[in-house]
1. Name the single residue that is farthest from the ligand (Cβ to nearest atom) among those in segment 306-331 being open to solvent by 20 Å² or more (accessible area, probe 1.4 Å) and closer than 30 Å to Leu404 by Cα.
2. Taking segment 368-382 as the search range and keeping residues that are charged (D, E, K, R) and more than 21 Å from Phe304 (Cα to Cα), which one is least open to solvent (accessible area, probe 1.4 Å)?
3. Every residue in segment 21-44 that is open to solvent by 10 Å² or more (accessible area, probe 1.4 Å) and within 19 Å of Pro265 (Cβ to Cβ), please.
4. Every residue in segment 213-232 that is in a loop (DSSP other than H, G, I, E, B), within 12 Å of the ligand (Cβ to nearest atom) and not basic (Lys, Arg), please.
5. Going residue by residue through segment 246-269, is there one that turns out to be away from the ligand (no atom under 16 Å from the Cβ), farther than 30 Å from Lys187 by Cβ and either touching a helix residue (DSSP H, G or I) at 6+ places or on another chain (Cβ under 8 Å) or at pLDDT below 95 (or both)?
6. Arg208: among the basic types (Lys, Arg) and either surrounded by fewer than 24 Cβ atoms within 10 Å (Cβ to Cβ) or within 23 Å of Ile426 (Cβ to Cβ) (or both), yes or no?
7. Among the numbered conditions (1) surrounded by fewer than 22 Cβ atoms within 10 Å (Cβ to Cβ); (2) part of a helix (DSSP H, G or I), tell me where Gln337 comes up short.
8. Inside segment 240-253, can you point out the residues that are assigned to a helix (DSSP H, G or I) and either in contact with a strand residue (DSSP E or B) (Cβ under 7 Å, 6 or more places away or on another chain) or surrounded by fewer than 24 Cβ atoms within 10 Å (Cβ to Cβ) (or both)?
Amino acid sequence: MEDPEHPQQTITAIDNLIFFSNFDSGNLSKATKTSSNTYELEISPDASSKGFSSYRTWFFFGIRGLKKGTYLRLCIINLSYLRPWSSPTYKPVWRCVPSHSEWQRIVTETIFEPIGNGYNKFTWTFEAVANDNDHFFAFAPPYPYCDVMKSISIFEKMCPGDSTFHRESLIRSLDGRDIELITISNKSNFSTEREDRIHGLFPSSGSRCFKAQKPIIFISARVHPGETPASYLLDGILQVLLSPDTRGTSLRSNFVFKIIPILNPDGVYRGNFRVDQNGINLNRCYIEPSIMEHPTIYAAKWYFSYLHNVKFYLDLHAHMSKRSCFLFGNYLPLEKQPDNQVYAKLIEINTPYFEFSECDFSEKSMSAKDPKDHHSKEGSGRVAFYQNFGIIHTYTIECSYYMLRPLHNIPPTINMKTGRKFTESIVYNSSGLISVHNRAFFNDLAVGVLMAILDVEQCNSNSRLPLSEFRTLESMKEYIRARAMIQNRILSKNFSRGEVKRPDKTTADKPTTLPKVPLRKIHKLNVVSPIFNSVPQTLHHKAKVVIGPRGKSLIRE
Ligand SMILES: [Zn+2]
């Protein structure tokens, strides 16, 4: 019998096959056979047990009983509109357990078509790769709650002897899941005094971690459950942080890392894409979180306010809207923008998958309203933590789901003491972690995110900055200052020409977006759009254009 609280946990038998999603992050609600090898599927919308149906994006299900070589046509018929689905280069992922355990993209063509009433059909074909194994299909490589917890235990064992890896439960979610808080640093510069037990937080009786006397880097992930790249990126971050090499040592020596790996575990478990079990986008609740309704956000905010000396706040997300990885930062007064934006510029010189030009520091992105629930970004962790605590370095890191190849070259690393090129690479150990085809991409982005912190704080003993076109942090900030001034000048010129409306009483709450200015482009090679431009030639020939929802062009075969 169906569990009304978990309508996404289903098992459906059709002939000799079993379609199932009765597992962590699974969300199939219906499977029907329509012809000899074609199956129509429906997914459970986010928070469907509470009557919501807005988000129908994430999917994850299994099929048991297939024979090797069986040809299947799978059609999900109740999806929301999402731009990448109309690109033939978007591919779902699959794996077959136990024979092919790595998550990989399907290689066959896909068809996306609107079918009316806001519903869309997404079709792909697949040939079973093994007899009687479990074949799984998903929107993107999943990272269920139970696997996040398993990974934390694996990373805990990797912690070098000179360092600490302290795990504790910050609070329990509405469904009673533990929200892990991890503290990582080397053992120097810790007070012998333990942190306080904040009222309502830290439900277990285990000992609290010691008080930090170093600057703190606060990292959180998975407030949006379907944004699984955030967890793969966090894996990469943990690998670098715990690495015995100079980079890991330097990070652990200079900072204390406070990490909340999963902020919306109930949403993750239920196979939601963007909200919790009550249909709430938790990343709009940071202004006044309620311990009864949003306990995980309440705990994150209160713990954040308890900590002193937080230097960076990084909230890890994923996106499909731009061609590269990027970040959202806050709109600060002109004199503070170089210090704020230089972090993004430094990530760009530390990884070829990240682009400064795609980053958004606009005033508009601090107050934009969500098109579905109309809640403002003022309630996001990034904006609220800046406005409440005045911390400049508060960012939402947006990791791509998938990138075909690097977007630009990066300068070599130089040892700051010897002046010699530094070529030592980090040894990654992903044994026991989820196997995924593009883990190297997430690891590389993680290096960029962390090395840029060392560069900002000028404690990177092996930096790329001296061999970049900027040479020094100051000249990079100078470039950002000049760019911001050009943007402001263009804005005021447009004001005087009347091209941009000056804010008046009626538009004062709608800030003007800064105009785009030509950027001084560095290391621009290989410019490709990873998801949208690389359409195989054969598909270009066959594609025909149909008009989709909101008048947008959709390409289908
Ligand atoms: Zn997000």
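1. Across segment 306-331, the extreme among qualifying residues is Arg323.
2. Asp370
3. Across segment 21-44, the qualifying residues are Asn22, Phe23, Asp24.
4. Matches in segment 213-232: Val223, His224, Pro225, Gly226, Glu227, Thr228.
5. yes
6. yes
7. The single condition Gln337 does not satisfy is (1).
8. Residues satisfying the conditions are Val240, Leu241, Thr246, Arg247, Gly248, Thr249, Ser250, Arg252, Ser253.
The values are calculated or read from the model by the stated rules, or taken from the named source; none is laboratory data. These numbers were taken from a predicted model, which means no experiment stands behind them. Backbone-built Cβ (ideal geometry, glycine too); neighbour counts: all protein chains shown. Remember, those area values only see protein heavy atoms, side chains included, never the ligands or the DNA or RNA. Shrake-Rupley method; radii C 1.70, N 1.55, O 1.52, S 1.80 Å.
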